[in-house]
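Structure first, then comments.
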Amino acid sequence: GNESTVSITVVGASGDLAKRKIFPALFALYYEDCLPKHFTVYGYARSKITDAELRNMVSKTLTCRIDKRENCGKKMDQFLKRCFYHSGQYDSQQNFVDLDKKLKEHEAGRVSNRLFYLSIPPNIFIDAVRCASMSASSGNGWTRVIVEKPFGRDSESSAALTKALKQYLEEEQIFRIDHYLGKELVENLSVLRFSNLIFEPLWSRQYIRNVQLIFSEDFGTEGRGGYFDNYGIIRDIMQNHLLQILALFAMETPVSLDAEDIRNEKVKVLRSMRPLQLENVAVGQYKSHTKGGVTYPAYTDDKTVPKDSLTPTFAAAALFIDNARWDDVPFLMKAGKALHNKKAEIRVQFRHVPGNLYNRNFGIDLDRATNELVIRVQPDEAIYLKINNKVPGLGMRLGRSNLNLHYAARYSKEIPDAYERLLLDAIEGERRLFIRSDELDAAWALFTPLLKELEEKKIIPEYYPYGSRGPVGAHYLAARYNVRWGDVG
Ligand code: BG6
């Protein structure tokens, strides 16, 4: 018949990402009836385990959505019955031929669509792409490959990776994930801006004084030091997650909501930016700290990290977009591990009201107490706007208040995980939230000279205690551009 089927192969099925994110996201999609009628999930990895063992492993990671627990157990069983395992090497053509045979059996003559999720380290990545595309791609439907970062570690290695990928795949088949683009509040950015008159006209240098993109985690790199030490926080968070948010935030209005139209605008913004220089950044690395009788390790205490590593676990940076809309507006980024909290947010600081009637006599310095729009991406999603307001009473005193859209209070449905949206989009062929190769090139062009300089000059990071607010260098950096971080008192 003409019916089609989708086979989803998770390559690297026993890895951390597969367990924590990919299988749970697939189950959530199944639970919400978002997967096609005919689908199969294959775990592919080297270890020799059985289907039953894979199902057992997967079942431990599945959770039910809080709003409808009743038939969750039943749904889980049904989902697990659609999960299978294939043991193979990542560079073995034959092992993928065997996989192909198994997939064909499930497809039972229907149109075959195949999605490969490559959740494996970069050094074996191209081999797997070659084997999957040559031996297990679809004969009569589509074949798509989701790839995870790192997409290289600088312009050159990224270009080499792109070139290697294109030997086996068309650009339309490659889905480069940046999971921050799948987060609810990041996707909402364009809605907030382009469909609200009170924001859209203000979105420029005329009214916005600076924009801040802030990422912090309250845990270190314990356990993944080996990966992290080769990349550092600038590559791990800034060059991708924060820069992607920046591009969406700052792009011109796209012609339409089509993937190519949106990505065209994102590339334009990225290409309008000045590559970073040493003077635009402050870097830090966390050191050991004892609090309440507990000693938290230094970054270099990790066995997989060299004792003399200078890799930044914290960085702050100032970026500029040289176009008519954003000329001279600092876009400040800050990202760090082992800080005092876990948070990701966007802060938009507006200019002061010219000739404001309410001057310093009313209990507030209006030059400082400017409006600020905060988009809290996580946790506890929210959008709030800081406004100046009269403190109720007979006198005339001003204070700051929040107009607050708190997601948990406003919406009863749980927010989907980023991977759910992205997997669904990949299955549906929607590329809007995936990174096109020219975007990737432009992103690397901004950071590569800086990264090289940091490494060549062996710039020593400022050490900050585990669990602290990070190095003071971040404040000096901001002050150089007349900015104060909005997330500190
Ligand atoms: C990953 C980084 O891309 O994003 C990790 O490699 C980081 O270092 C993670 O912890 C953060 O993602 P999330 O969704 O937990 O904020």
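Structure notes:
- Per-residue 3J(HN,Hα) values for the stretch 338-354, derived from phi via the Karplus relation 6.51 cos²θ - 1.76 cosθ + 1.60 with θ = phi - 60°, read 6, 9, 7, 8, 10, 7, 9, 8, 10, 10, 10, 9, 8, 6, 7, 6, x Hz in sequence order (x marks Gly and Pro).
- Acute angle (nearest 10 degrees) that the helix 155-168 long axis makes with the longest principal axis of the chain, alpha-carbon atoms: 30
- For the stretch 247-288, the fraction of alpha-carbon pairs lying more than 12 Å apart is 67 percent, rounded to a whole number.
- Ordered by the number of other Cβ atoms lying within 10 Å of each residue's own Cβ, fewest first, Asp100, Asp322, Asp308 fall into the sequence Asp308, Asp322, Asp100.
- Exposure proxy for Val305, Val391: other Cβ atoms within 10 Å of each Cβ, ordered fewest to most, give Val391, Val305.
- The stretch 307-350: trypsin sites (Lys or Arg not before Pro) in DSSP coil with no more than 13 other Cβ atoms inside 10 Å: Lys307, Lys342
- Residue-averaged 222 nm ellipticity for the chain, from DSSP H runs of 4+ at -39500 (n - 2.57), nearest 500: -9500 deg cm²/dmol
- Here the Debye sum runs over all C-alpha atoms of the stretch 1-95 as equal scatterers in vacuum, and log10 of I(q)/I(0) at q = 0.12 Å⁻¹ comes out as -0.39.
- If R0 is 30 Å, the Cβ-Cβ spacing of Thr61 and His406 corresponds to a FRET efficiency of close to 0.55.
- Across all C-alpha atoms in the stretch 42-169, the radius of gyration and Dmax reach 16.9, 52 Å.
- Karplus (6.51, -1.76, 1.60) ³J(HN,Hα), θ = phi - 60°, over the stretch 129-140, in Hz, Gly and Pro reported as x: 4, 4, 5, 5, 6, 7, 10, 9, 7, 6, x, 10
- Principal-axis analysis of the Cα atoms of the chain puts helix 72-81 at an angle of about 50° to the longest axis.
- Debye-formula intensities of the stretch 105-207, expressed as log10 I(q)/I(0) at q = 0.10, 0.11, 0.14, 0.21 Å⁻¹, are -0.45, -0.53, -0.71, -1.05 (one equal scatterer per alpha-carbon, no solvent).
- Radius ratio Rg over Rh of the stretch 380-435, counting only Cα atoms, Kirkwood formula for Rh: 1.31
- The convex hull defined by the C-alpha atoms of the stretch 217-268 has an orientation-averaged projected area of 4.9 nm².
- DSSP bridge orientation in the chain - percent antiparallel, rounded to nearest 5: 55
- Restricting the calculation to alpha carbons of the stretch 327-433 gives Rg and Dmax of 19.2, 61 angstrom.
- Percentage, to the nearest whole number, of Cα pairs in the chain over 36 Å apart: 36
- 30 Å Cα-Cα reach of Lys166 towards lysines, excluding residues that sit fewer than 8 places from it in its own chain: Lys19, Lys21, Lys101, Lys102, Lys104, Lys149, Lys183, Lys266, Lys268, Lys452
- In sequence order, calculated HN-Hα J values of the stretch 468-485 (Karplus, 6.51, -1.76, 1.60; Hz; x Gly/Pro): 8, 8, x, x, 5, x, 5, 6, 4, 4, 4, 4, 4, 10, 6, 10, 10, 4
- In straight-distance terms, cross-link reach from Lys287 covers every one of the lysines whose alpha-carbon lies under 22 Å from its own, apart from those fewer than eight places away in the same chain; here that gives Lys303, Lys307, Lys334, Lys337, Lys342, Lys343, Lys457, Lys458.
- For Thr5, Thr311, order by how many other beta-carbon atoms lie within 10 Å, fewest first: Thr5, Thr311
- Three principal axis extents describe the C-alpha atoms of the stretch 375-489; from largest down they are 62, 46, 28 Å.
Bear in mind that the values in this text are calculations on the coordinates, not laboratory data. Computed from a prediction, not measured in an experiment: that's the story for all the values here. Cβ atoms come from the backbone with ideal geometry, glycine included; neighbour counts cover every protein chain shown.
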